[in-house]
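What follows is calculated from the coordinates using simple rules that are stated; it is not laboratory data. A quick note: this is a predicted structure, and the numbers were derived from the prediction, not measured. Note that we place each Cβ from the backbone using ideal geometry, even for glycine, and neighbour counts take in every protein chain shown.
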Amino acid sequence: MKQQLWVNLNSIDKAKDFADIASGVSCEVDVCSGRYVVDGKSLLGLFSLDLSAPVRVVVHGTEEECDKITRLTRHLLAEKED
């Protein structure tokens, strides 16, 4: 299953929180900003992106893993970017 959501990671604490959440699942978590894609479990990778605007997260996992990520990142969710 593949799920997409948009999150705000516009502070060090938010980025660290997200990387910790992503590291808690065994599936792949990609974070996309423009044409760049990094591993959501990598704090260094996250900081290489422009985090001033919401970023797209793509979770490649089971339904349970996707639900877990969505539930745990609820406080970071953003409106979809066009």
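Some values worked out for this structure:
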{"item": "Options Leu49, Ala19, Thr70, ranked by Cα towards positive dipole end of the stretch 2-76, top entry (Cβ charges)", "result": "Leu49"}
{"item": "Estimated 222 nm signal from helices in the chain, with DSSP H stretches of n ≥ 4 weighted -39500 (n - 2.57), rounded to 500", "result": "-9500 deg cm²/dmol"}
{"item": "Cα centre as origin, Lys/Arg/Asp/Glu Cβ charges: the stretch 2-76 dipole, Debye", "result": "200 debye"}
{"item": "Ordering of 37-44, 68-75 by packing [mean C-beta count within 10 Å, highest first]", "result": "37-44, 68-75"}
{"item": "Rel. contact order, % - alpha carbon contacts under 8 angstrom, at least six apart, the chain", "result": "45 percent"}
{"item": "Read-out Cα extents along the principal axes in Å, derived from the coordinates shown; its label in (i) 41, 24, 16; (ii) 41, 24, 21; (iii) 30, 26, 23", "result": "(iii)"}
{"item": "For peptides 25-36, 54-65, sequence by mean Cβ density within 10 Å, most packed first", "result": "54-65, 25-36"}
